[in-house]
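Working notes, beginning with the structure itself.
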Amino acid sequence: MKDVYTPPEVWTQDTENGGAFASINRPVAGATHDKALPVGKHPFQLYSLATPNGVKVTVLFEELLAAGHTGAEYDAWLIRIHEGDQFGSGFVEVNPNSKIPALMDRSGDTPVRVFESGAILLHLAEKFGAFLGAPEHRAEMLSWLFWQMGSAPYLGGGFGHFYAYAPEPMEYPINRFTMEAKRQLDVLDRALADRRFLTGDDYTIADIAIWSWYGQLALGRLYNAGTFLDVDSYTNVQRWAKEIDARPAVQRGRMVNRTSGDPAMQLHERHDASDFDTKTQNKQLAAE
């Protein structure tokens, strides 16, 4: 007979709950230590890590620069979430929720903080009037953008956590969130059956946001779960994901603040466009 867990009348954190993030999980907010954030020379200061939420923002910055918006130059500082950098006093001042990414917009007279990845995407797209799609499709674009913000926690905190990060496999949560992850992939696959991008022919911040999670999932980059989820069966998602993945700005954006995987795809911090050239040169020298 299986042990049955009975929740207490009042929950308290008596012990760590295990899993990959046990050492930094806690039931309260706020800073744990004093640490000022660095500030570079560019109008935008990004504090992040190349998780899907972080990739959204670095991809948009690189797309803006590729489109000729020189005012979108940025410094990208590495926040190592496994080491608790997000609980430093400086980071908490920018994002009281202690999650990456966090942005300081210093392009005006008064610095402006922006947190939550969807808010950062919308802030930058509106500031530069880019990647918003046709005006007549604005509601559709916003609907898909907010779909991602509402859906991805079930993919990351639900499926990803129990499939890849929990201290031991548990049948019920894995089945529950696998079903939801596949349902979400089916939502996208049906939407993309007769559209090049999520709103039609225009590539927008909705595509960037959704690709960073579901496109990378379809390409086998999240949780080592491609075969388990049968991602190849979502043919419309595959076509869309591969087209976006081939964009040079997307490839650069994926590199920024990355600390895992292929060393050639890691650019821990980005402070100038030439940082990518240096990385490419180092890769070529290593191959020689």
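Among the residues of segment 151-176, those identified as surrounded by 18 or more Cβ atoms within 10 Å (Cβ to Cβ) and within 14 Å of the chain's Cα centre (by Cα) are 151, 152, 155, 156, 160.
In segment 47-58, how many residues are in contact (Cβ under 8 Å) with a residue 60 or more places away in the chain and in contact with a strand residue (DSSP E or B) (Cβ under 9 Å, 6 or more places away or on another chain)? Please lay out each step first, then the result.
As a first pass, look at segment 47-58 and keep what is in contact (Cβ under 8 Å) with a residue 60 or more places away in the chain: 48-50, 52-58.
Those still in the list that are in contact with a strand residue (DSSP E or B) (Cβ under 9 Å, 6 or more places away or on another chain) too: 48-50, 54-55, 57-58.
Adding up the residues that qualify gives 7.
For the condition buried (at least 17 other Cβ atoms within 10 Å of the Cβ) and among the β-branched types (Val, Ile, Thr), residue 187 does not qualify. Just one residue in the set 133, 108, 118, 90 is of a type outside the set (Asp, Glu) and under 15 Å from residue 32 (Cβ atoms); that residue is 90.
A short reminder: the numbers here are calculations on the coordinates, not readings from a lab. All of these numbers come straight from a predicted model, not from anything done at the bench. In this analysis, Cβ positions are derived from the backbone assuming ideal geometry, glycine residues included, and neighbour counts consider all displayed protein chains.
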